[in-house]
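Below: the structure, in C-alpha cells.
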Amino acid sequence: MAPNKRKKPVTTASSKHKPTVSADVTRKTIRRYHVLLKEKARLLNAPSSSTSTRLDEIDKEMKLLGGLEAYQEMSVLGQSKERGGGSEKVLVEWLKELGYGKPPVGKGKERGVINLLEVGALRPDNYTQWSKWLHCVPIDLHSRHPDIKEQDFLLLDRTENEGRWDVISLSLVLNFASMPLDRGRMLALSHAFLRHDSPSYLYLVLPLPCVANSRFTTSDHLKSLMGAIGFELVKERWRPGGKVAYWLWKRKDHYDSRDGDGFKKKKVLREGATRNNFAILWDGVR
Ligand SMILES: C[S@@+](CC[C@H](N)C(=O)[O-])C[C@H]1O[C@@H](n2cnc3c(N)ncnc32)[C@H](O)[C@@H]1O
C-alpha cells in the first residue's frame, strides 16, 4: 500500500477523552448525518430538476454538523469506555474462543500472528494490546492518524489483497455506506480478500435496528445473503432492545446453491409504518 499522508495524531487527545457531549446529542448528530448521507445518495441516484438545490442544502447542513470529522468524533465518543467500549473486545473474545492468542502447545505448534484488516478505524490502537498474536492494519475513508491508512475499502487493489487477510472487521461501516449495492459489494470483496488456504473470518457489526426493524433486512435474510456470498455463521450476539448486533462469519469455499439473483432488488420483508429502510443488495459479482 502507498505510504500514508502524515496526519496530526489524535490518539493523545482521544485517549484522554472524557465525553463532554451528551450521549443523546452524539446519537442525534450521528443519526442526522446518516439521514443526510442517505438522502444525498438517493438524489445522486435519481436526479431531478430540484436535485442541485437540495444537494447544496444537504452539504450546508453536513458542514454545520461539522462534516465527516465531527461525525467520526461523535463515533469515537460512542466508542469510548465511558459509553460501553468499542467492538474490538467482542471480536477478540470470539477469536480466543476459536483458539487464537493461546500460548503455544509444544514445538512446531505455534500459531502465527494473524492479519486483521480493520475497515473504518477511528483510532490506530484499537488492537495494540493483542499485537503479539494479532497484527491490525487500520484503514478509513478519512484518516484521523498517521497510522491509519486513508483508503476506501471498495477501491482496495484486488490483486494485492486477494486471499491476504485472516480477519476483516466491518464494524458499523456497512450502515455508513449509503448505497445498498455498495454494502453487498463490501461483503463480496471481504470474501475475496480473506484467506482461501486456512480458516478466515469476517466480523460484522451493525446497529440492531438495521436487522431488527428494517422493512428490507431481517436476521434470516442476512444469513441467506451471507450464505450465497460464501459465509457461514460462527458467532452472533445481540439482545432484544439492544443497540448493536455482532456477527462472526467464516469464509467458505462453496456458496449456498441460491445465486446472487435473489439479492439484486429490495423486497419488503416486514410491513409497518415505523420500519426503517436499511437494505443490503448484492449484484452477484464476486
Ligand atoms: C461509525 S464509524 C465506525 C467506527 C468503528 N469501526 C466502530 O465500530 O465504532 C464508520 C467509519 O467507517 C468509515 N468508512 C465508511 N465506508 C468506508 C469505506 N468504504 N472504506 C473505508 N472506511 C469507510 C467512515 O469513514 C467512518 O470513519
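The values are calculated or read from the model by the stated rules, or taken from the named source; none is laboratory data. Here the structure is a predicted model, which means the values were calculated and not measured. Glycine also receives a Cβ, built like all others from the backbone with ideal geometry; neighbour counts cover every protein chain displayed.
Each residue in the range 119-142 was checked for being buried (at least 20 other Cβ atoms within 10 Å of the Cβ) and polar (S, T, N, Q), and 1 pass. Show the residue pairs meeting these rules: Cβ distance below 8 Å; 6+ apart or different chains; first residue within the range 48-77 and surrounded by fewer than 14 Cβ atoms within 10 Å (Cβ to Cβ); second residue not in a helix (DSSP H, G or I). Short answer, once both residue conditions are applied: Glu69/His142; Glu69/Arg144. I'd like to check something: does the range 25-39 contain any residue that is at pLDDT below 70 and within 16 Å of the ligand (Cβ to nearest atom)? Among the residues of the range 25-39, not one is at pLDDT below 70 and within 16 Å of the ligand (Cβ to nearest atom), which makes the answer no. Any residue at all in the range 250-261 that's small (Gly, Ala, Ser) and more than 18 Å from the chain's Cα centre (by Cα)? So far as the range 250-261 goes, yes, one or more of its residues are small (Gly, Ala, Ser) and more than 18 Å from the chain's Cα centre (by Cα).
Taking the stated definitions as given, is Leu222 outside the structural domain of Arg31 (by TED's automatic domain parsing) and surrounded by fewer than 18 Cβ atoms within 10 Å (Cβ to Cβ)?
Considered against the rule, which asks whether it is outside the structural domain of Arg31 (by TED's automatic domain parsing) and surrounded by fewer than 18 Cβ atoms within 10 Å (Cβ to Cβ), Leu222 comes out as no.
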